[in-house]
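The values are calculated or read from the model by the stated rules, or taken from the named source; none is laboratory data. None of these values were measured; they are calculated from a predicted model. Using ideal geometry, Cβ is built from the backbone for each residue, glycine included, and neighbour counts are taken over all protein chains shown.
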Amino acid sequence: MLKVYNTLSGKKEAFAPLVPGVVRMYVCGVTVYDECHLGHARSALVFDVVRRYLEHSGFSVTFVKNFTDVDDKIIKRANELGKPWQEITATYIDAYYRDMGRLGIKPATVEPKATEHMAEIVELVRALIQKGMAYQVNGDVYFQVDRYGTYGRLSKRKLDDMQAGARVEVDERKRHPMDFALWKGAKPGEPSWPSPWGLGRPGWHIECSAMAMKHLGETFDLHGGGMDLIFPHHENEIAQSCGATGKEFARYWLHNGFVQINQEKMSKSLGNFFTIREIFEKWEHPEAVTAEVLRYFLLATHYRSPLDFSDLGLDEAKRTLDSFYGLFNRLTEPTGLPTTGDEQLPSLIEELAGSFRQAMDDDFNTSIVIAAFQRFRSEVNRLLESGLSPAACRRARETFRTLGYVVGLFQSDTWQFGVVHGGPASLAGGDASAAGLIVQGPISDVEIERLKSERGEARKRKDFARADEIKKLLAAQGWIAEDRPDGTTRWKR
């Protein structure tokens, strides 16, 4: 039986959709004002796998994932670039599809845009005013949080202890500091739509409630997103949705953990902020394979745990996938040995399938799934030494492919070998082969220490291009650099 960790209850619960055999799920999508980053990649992958496993388990899934295409950040970016806001949103929606395609993320069943749901948004705001849960101040409309008695139940916060925080505007016109905007009156030069309260645009939170209820109904099964959305976004979604309908909004709430870079929070200010595009376009391997490398790396950590993204971790994922695809190549080559391994293969496949199902039923534990695949790889390698028939080889490969599809792995037919395992060029800058840094064979310990010293001096004089060249050269020799905020570097073999 599938169990999921429900943020709302704070515990694992048996998953039982409202309609047997049918799952309706909503996941908060991106605000389209910039390129997607690693945090977006992780969230997209997590709920792609959730959706795939539900379908694998026999459920009919309606998956809704939205675009926020009107927002303060979009307007700010349009003003900075001197472009129409519609051009900004169109550009980054295209970029989103490019990145999701590279990651192997299946398109959602419905991918609604906020700007296409103004009628539903206005109607929802009107209902909240009529129920006395929202109030108008000039052309703005606010949700009154103290009218919703269980506000804070998702984030486990008490209203009396709350202060205005991230994405919560401090406004003396509010009746409570935590009241949030449902509708914002029009300002000069900003996009606006007609409403009973005058021209304006929706607040961020109301968009998702309106789109979710439009496409999934007033109550649906599963709502997902990153942990950063628990408060205030998802908390406010619950308050306004339940306040309007008097019904539960979503029954299960799933949230994925944060992404860190070299054990530090991913941040533009720290210079450790990477977009999906950077990782794919500067990696040294073909895109079809790179997608699996990134997926493998992300899936090796349980979705609710924090994930540390590093050159070393990504390169290890590449090495491990090399070993899987090396096995797949051997499974296509006749060994000429007696087929003494054929009798053992069925029980090994059954063991893998059981481990896979048990792990995924336990709150989608892909880290255990990865370990099960690795054990099966080792066992099949062992059977190959004893001898497997062509039919058994095909069955083993098909097992990898069938179960791997659920998590988006082992789907490629080809794999390229012989590339230096130096980590992604996106984290070091530039293309290693183009810079002439890939050397044949090892270099001496004396030369390695000299290069380490030279790199330190290059960083001091801010010659980052040379520092990056040396970093990649030493990575090719098995030395990984961990640069610290205080300017020092720790080297790992």
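Quick rundown of the values:
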| read-out | value |
| --- | --- |
| Residue within the stretch 111-124 that is modelled with pLDDT under 95, surrounded by 21 or more Cβ atoms within 10 Å (Cβ to Cβ) and aliphatic (A, V, I, L, M) present | no |
| Any chance R102 is out of contact with any helix residue (DSSP H, G or I) (no Cβ under 7 Å at 6 or more places or on another chain) and either among the small types (G, A, S) or at pLDDT below 95 (or both) | no |
| Of all residues in the stretch 120-158 being part of a loop (DSSP other than H, G, I, E, B), free of Cβ contacts under 8 Å to residues at least 60 places away in the same chain and not polar (S, T, N, Q), the one that is nearest to R201 (Cα to Cα) | G132 |
| Pair list, Cβ under 9 Å, 6 or more apart: the stretch 295-314 residue in the same structural domain as F47 (by TED's automatic domain parsing), other residue part of a loop (DSSP other than H, G, I, E, B) and not polar (S, T, N, Q) | none |
| Options G200, G246, G225, G152; residue that is out of contact with any Ser or Thr (no Cβ under 6 Å at 6 or more places or on another chain) and closer than 21 Å to V122 by Cα | G246 |
| Any pair with Cβ under 6 angstrom, 6 or more apart, that starts in the stretch 5-34 at a residue that is outside the structural domain of M360 (by TED's automatic domain parsing) and ends at one that is loosely packed, with under 13 Cβ neighbours inside 10 Å and among the aliphatic types (A, V, I, L, M) | A14/M1 |
| Residue within the stretch 246-263 that is in contact with a Phe, Trp or Tyr (Cβ under 9 Å, 6 or more places away or on another chain) and part of a helix (DSSP H, G or I) present | no |
| Residue match in the stretch 384-396 (condition: of a type in the set (G, A, S), under 28 Å from T301 (Cβ atoms) and in the same structural domain as E333 (by TED's automatic domain parsing)) | yes |
| Evaluation of A467 against (1) closer than 30 Å to L321 by Cα; (2) modelled with pLDDT under 70 (one fails), failing number | (2) |
| Per-region count, the stretch 331-350, residues part of a loop (DSSP other than H, G, I, E, B), at pLDDT 90 or above and surrounded by fewer than 17 Cβ atoms within 10 Å (Cβ to Cβ) | 2 |
| From I230, I276, I261, residue being modelled with pLDDT under 95 and surrounded by fewer than 21 Cβ atoms within 10 Å (Cβ to Cβ) | I261 |
| Some residue of the stretch 76-83 being surrounded by 15 or more Cβ atoms within 10 Å (Cβ to Cβ) and free of Cβ contacts under 8 Å to residues at least 60 places away in the same chain | yes |
| Matching residues in the stretch 310-325 - criterion: being closer than 21 Å to T402 by Cα and out of contact with any helix residue (DSSP H, G or I) (no Cβ under 9 Å at 6 or more places or on another chain) | D322 |
| Candidates A353, A300 - the one that is surrounded by fewer than 20 Cβ atoms within 10 Å (Cβ to Cβ), closer than 19 Å to G104 by Cβ and among the aliphatic types (A, V, I, L, M) | A300 |
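A quick yes/no check of all residues on (1) aromatic (F, W, Y); (2) modelled with pLDDT of 70 or more; (3) assigned to a helix (DSSP H, G or I); (4) closer than 30 Å to L352 by Cβ:
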{"residue": "G429", "(1), (2), (3), (4)": "no, no, no, no"}
{"residue": "G441", "(1), (2), (3), (4)": "no, no, no, no"}
{"residue": "E457", "(1), (2), (3), (4)": "no, yes, yes, no"}
{"residue": "K472", "(1), (2), (3), (4)": "no, yes, yes, no"}
{"residue": "G478", "(1), (2), (3), (4)": "no, yes, no, no"}
{"residue": "G487", "(1), (2), (3), (4)": "no, yes, no, no"}
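Residue-wise test of (1) outside any helix (DSSP H, G or I); (2) assigned by TED's automatic domain parsing to the domain that holds G10; (3) closer than 27 Å to T275 by Cα.
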| position | (1), (2), (3) |
| --- | --- |
| I206 | no, yes, no |
| D221 | yes, yes, no |
| F231 | no, yes, yes |
| G243 | no, yes, no |
